[in-house]
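Inspection log for the structure reproduced underneath, given as structure tokens.
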Amino acid sequence: MLKDQLMGRFFLTNNEDVFETAKEVNLNAGFEENGVISEPTVKGAIYDKRVKSVDNFRELEDGREVAAVGAPLATGEFGVGPVADLYQTAGDLSDHDEELFGHYALIENDGGSVRVRVDPLGTYSVYYHATDSEFFVSNSLDLIARCTDNISVDRNGLLENMLFLTNLSNMTPFEDVYKLDGATVLSLEDTLSTENVGVRSQTISYDSFDDAVEKYAARINEVMSDVAKSNCNIGLTLTGGSDSRTLLAGLFANDVRPTVMCGRGHTPFDASDRDLEINMMIADKYSLDQYSINWNHDPLSVDDESREENFQRYGFHYTYRGGSANVFEELEGGISPYPDVMMLGYGTQFTNSNPWNKFDEQSEYNIQALIDDLANFDLSVVDNEEGFREYLADAILSRNDINVGETMTGSELLNTHYKLRNYSPGRFVTFLNEFTYLFSPLLTLHLQEPLYNFPSEFRSEQRFQLEVISYLQDELLDIPLHSGNRVANDPAKSKQLIDKFNLGEWIKQVPTPLEYLIRYGYYHATGKIQYKDDIMGHYSDEERDRINDFYESKIEDLDVSLNLNLPESKPNVIMNNLYLTLYGIERLTDERNGDKVE
């Protein structure tokens, strides 16, 4: 029986001992339990969001119970209310995609079985592990790894996490632990089973460029109208870029006046001075509340003790924004006023022509071209490259939410590229939803899929996105844009773009060591990564050797052979990227060996 109303984390299992262990781990992580699931074959617990208390449970008239985790939005309401209404009227959510926005996991309990599904893009992370007799499901990867017996590190899953900006497969660094995609439903009874339910298309038919702009702007209005009706206090992270400006235009078009927030501090993850200048310029012009999030952080201050504390509390998200104590304090309630809904411009590239200009949309390509396009490093560094490529290809082809074959057109390749890229920002969508509602509208199927089908000429020089902003709130383009995308030079609009601050160049000037400046924080600070051979080129040979030895010893300790053929002339950037995962796995290994971390 589900009890109480609040949910920031959850887990489900059929093992009584694992149930008790998971409750202890969540208690140590600072979560407050607010209810339990207790059926003959399924047990679990639900926990408050860390800051904002929200209603996430409903009992339906027919006796079923529905819970929602994350940030579902429909009919002018965030939370479980509109979800329950859809279940009540439709019986299930097989046709929910057109009506429900956001990032979420939905749990339905009919007393005999429990069903779990996530949003159509799979941006809200839910993981599962199952054997013939036991299962464990949670929105916390480290919780599964800590609480489930016989979990081992999967070599291919670990390599995939190291070498790509996103997850091509549903695999994780742990063997037989998978990430749930948006086309699959989990059914829990005596055992765990999966069902492919598909995803309804959300494309837009259009007759011309202007028609596409008008219809896409109407989509944004549809979403923002629901945000407006919720009467929630909105905190929009507003940089100088075009994505957050698009969201602001949609909010303004629906008479929503958000607090505009911008991260500031002495840290590699700092927004540039130009971002803050534009943020405050907009706040001043429109008399909006403005809040500068305290990102002050000395990277060298993150020692083993602080990493340990952060990992205990936040799991694999423990190095968010470099592991800054100030950032965690802000997220834990320091932001004032604390928003009911945090809104971000996360999403795949909105309308930029790159990489659309790399492939002919009508030509035919092999699936390996897609893999190479998404790889962050030359895959020749991997021992048995051919076998690793086969693993990746099979993993992509077996996904329920990706419909491609061994060969595909350039258009299909590009669409699949962007669908797979949704996984990376989704990691932090899930983490930030532990604190309050976190909503990134451009990272929803409703606003994402239409972009896949617009031709590359629409995307050139940000033409489409700028016209959408103009359609929604034209005067917002009177304020300069500061973007990492290509310069928008449409002479019909008087606007200027300033080259975005180069974080990679800044990092080169940071003193060693950089072990904890890993991919996750770096990626989400910039929206993209362009790793160069010389990103750690300022290290001496002695320092490089020390860093290489540091990571390689961790892999040896874990008894995981990666057999990477890294040229001696290159720094071990790959190892640097995965410190988060290795450190976390090391902690879990210590615990499994009986060395419990208090």
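The values are calculated or read from the model by the stated rules, or taken from the named source; none is laboratory data. In this text the structure is predicted, and so the values were computed from the model without any measurement. A quick note on method: Cβ atoms are made from the backbone with ideal geometry, for glycine too, and the neighbour counts reach across all protein chains shown. Surface accessibility is based on the protein's heavy atoms, side chains included, excluding ligands, DNA and RNA. Shrake-Rupley method; radii C 1.70, N 1.55, O 1.52, S 1.80 Å.
Odds and ends about this structure:
- Met261, Met281, reordered so the largest accessible area comes first (probe 1.4 Å): Met281, Met261
- Net length gained if the chain between Asp255 and Ala375 were fully extended (0.36 nm per residue, minus Cα distance): 39.0 nm
- The label point for Asn453 and the one for Glu16, both projected 7 Å from the Cα toward the Cβ, are 5.4 nm apart.
- Of the accessible area of the stretch 84-221, computed with a 1.4 Å probe over protein heavy atoms only, carbon and sulfur atoms account for 37 percent.
- Think of a 1.4 Å ball rolled over the protein heavy atoms: the stretch 144-287 then has 35 Å² of accessible area per residue.
- Probe 1.4 Å, all protein chains present, accessible-area order of Lys179, Lys23, largest first: Lys23, Lys179
- Difference of contour (0.36 nm per residue) and Cα-Cα distance, Asp478 to Asp383: 28.9 nm
- Accessible area, probe 1.4 Å, largest first, for residues Glu24, Glu61, Glu412: Glu61, Glu24, Glu412
- Computed label-point distance, nm, for sites Asp284 and Asp340 using a 7 Å Cα→Cβ extension: 3.1 nm
- For the set Lys215/Lys419; Lys52/Lys215; Lys179/Lys215; Lys52/Lys179, the pairs lying more than 29 angstrom apart at their alpha carbons are Lys52/Lys215; Lys179/Lys215.
- In order along the stretch 237-248, the Karplus-derived 3J(HN,Hα) couplings, from 6.51 cos²θ - 1.76 cosθ + 1.60 at θ = phi - 60°, round to 6, 10, 9, x, x, 7, 5, 5, 5, 4, 5, 4 Hz, and Gly and Pro are given as x.
- Stretch gain in nm, segment Ser53-Thr75, where the contour uses 0.36 nm per residue and the Cα spacing is subtracted: 5.9 nm
- Residue-level accessible surface for Tyr291, protein heavy atoms, 1.4 Å, Å²: 40 Å²
- For the stretch 10-68, accessible area per residue (1.4 Å probe, heavy atoms of protein chains only), Å²: 41 Å²
- Order by protection proxy (mean Cβ within 10 Å, highest first), peptides 81-90, 131-140: 131-140, 81-90
- The stretch 98-145 shape via C-alpha gyration tensor axes, a/c threshold 1.5: oblate
- Most tightly packed first, judged by the mean number of other beta-carbon atoms within 10 Å of their residues, the peptides 114-122, 28-36 read 114-122, 28-36.
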